[in-house]
Amino acid sequence: MAERELEQDFEARYDAVCKRVLSHKAILARIMQGCLAEYQDCEPDEIAEKYIEGKPQVADVPVLPLIKGLSSNDTSPEEGAVSYDVLFQSLLPNSQERVHLIINLEAQNAWNPGYSLLQRGVYYCSRLLSAQYGREFTHSQYGQLKKVYSIWICMNPPKKFQNTISRYYLQEENLVGLARESRTNYDLLSVVRICLGAEDGENYQGILKMLNVLFSMQKSQAEKWRVLYDDFAIKATQDLEQEVSEMCNLSQGVKESGRMQGVAQGMAQGMAQGKAEAMLFAVKSLMESTNWPAERAMEMLKIPEEDRKKYAKMLN
C-alpha cells in the first residue's frame, strides 16, 4: 500500500471509531447535560437511561435504523444526500406528553473547509426539519414538528475560540409594539458549537475537559480512563473500552504519519537487499508505530495470505 493510501486509511479508521465512541449513551448524556438547556437539570445516568431512545445511528457503520423513521442518510431528489455522524431521538424531560427532540452530533477536524461550519449546521437543522414531512406530520400539521439540534465538536479551532461552547437559535424580536409569542411555536432549531482547546486554557472543565481528554492524541488509554471515571463517572463497558482502545492505537498512526514516511523509505531502501527484507522491515515498523499485531500489520500492507506465514516466522 502506498504511503498516502496508508495514511488515509489510518485517518478513515480513526474518524469512524471516534464517531462510534461519541454515539455511546454515557458520552451523549454528558454532552446533552453540558450544552442543551432542556437537560441541564438532569443527571447523566437519567438522560442515558430514561430519555435517549433506541440506539443512536452512526453514518459510517452499517447499522439498522433502530429509531423509528430515522436514517443516517437523508435523501431527496431535489436536495441530494446528507450524511449525519450521529443521529438519535431523545424524550423531552418534564413533559406531560411523549415529546421528542431530534439530535445530530458531528465531529469536525477542519475549522474552515471552505465555508463556515455554522452555515452547514443550519443546513443540517433545516434538513432535519424538512425530513419530518411525511414521517412526523402530513399536509398542514406543522404543530407536530419536533425540535432539532445539530451539535458540532470542533477539534482544531483558532485560539480565540478554544474551550468555548456557543449556541445559535431563533428568538423573538419586536420591531413595533410589544408582543409575546409562545416560545414553543418558533424554538424549533439550534446549532451548538463545542470548540476544544488546550489543557492549560481557560474554561478547561466539564464536557470541554471530557472531550479534550477523550480525543487527546497525547494521553494513554489508562490516563483517559482515569479522568473519564474519576471526573465524569463514566464506566468502562466492554464495547466502549474496546473502541477507546482502538481509537488510541489508531491515533498513533495518524499522529506519526511522518513515521509512515520512514516505513515507505525503508521499503524502498530494503528493495535493494531483497523484497522479503524490505517487507519485513515495513511490517516491523508498522507494528511499532501502531501497536498492532503482526497479522493486522500484514493485512494493512496487503501482503498476500500465502506469504504471511513466512513473514510471521521471520518475526519470531
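Suppose we look only past 16 Å in the calculated P(r) of segment 110-150. What percent of the Cα-Cα pairs does that tail hold? Here the tail beyond 16 Å accounts for 45 percent of pairs. Less than 5 angstrom separates the built amide H of Ile52 from those of Leu91, all sequence-distant by 5 or more or on a different chain.
Evaluated at q = 0.25 Å⁻¹, a Debye calculation over the C-alpha positions of segment 147-194 (equal weights, vacuum) places log10 I(q)/I(0) at -0.91. Each of the peptides 29-42, 294-307 was scored by the mean count of other Cβ atoms within 10 Å over its residues; in descending order, highest first, they stand as 29-42, 294-307. Based on alpha-carbon atoms, the Kirkwood radius and the radius of gyration of segment 84-146 give Rg/Rh equal to 1.05. Start at zero, step by 10 Å, and the Cα-Cα distances of segment 176-228 spread as 19, 33, 15, 16, 12, 4 percent across the bins. Given R0 = 41 Å, the distance between the Cβ atoms of Leu178 and Ser126 translates into a calculated FRET efficiency of 0.85. Checking the cross-link pairs Lys55/Lys146; Lys160/Lys235; Lys19/Lys147; Lys159/Lys302; Lys224/Lys310; Lys55/Lys159 against a 29 Å limit on the alpha carbon distance flags Lys160/Lys235; Lys159/Lys302; Lys224/Lys310; Lys55/Lys159 as lying beyond it. Backbone amide hydrogens, once placed in the peptide plane, bring Ile153 within less than 5 Å of Glu106, Ala107, Gln108, Ile194, excluding anything fewer than 5 places away on its chain.
Phi-derived couplings, Karplus 6.51 cos²θ - 1.76 cosθ + 1.60 at θ = phi - 60°, listed residue by residue for segment 147-157: 5, 10, 10, 10, 9, 10, 9, 9, 6, 10, x Hz, with x used for Gly and Pro.
Go ahead and run the numbers for FRET between Glu223 and Ala312, Cβ-Cβ distance against an R0 of 41 Å, rounding to 0.05. Using R0 = 41 Å, I get an efficiency of 0.80.
Taken together, the values in this text are just the output of simple stated rules run on the coordinates, not laboratory data. Computed from a predicted model, the values in this text were never measured in an experiment. Heads up, the Cβs are rebuilt from the backbone with ideal geometry, glycines too, and the neighbour counts pull from every protein chain shown.
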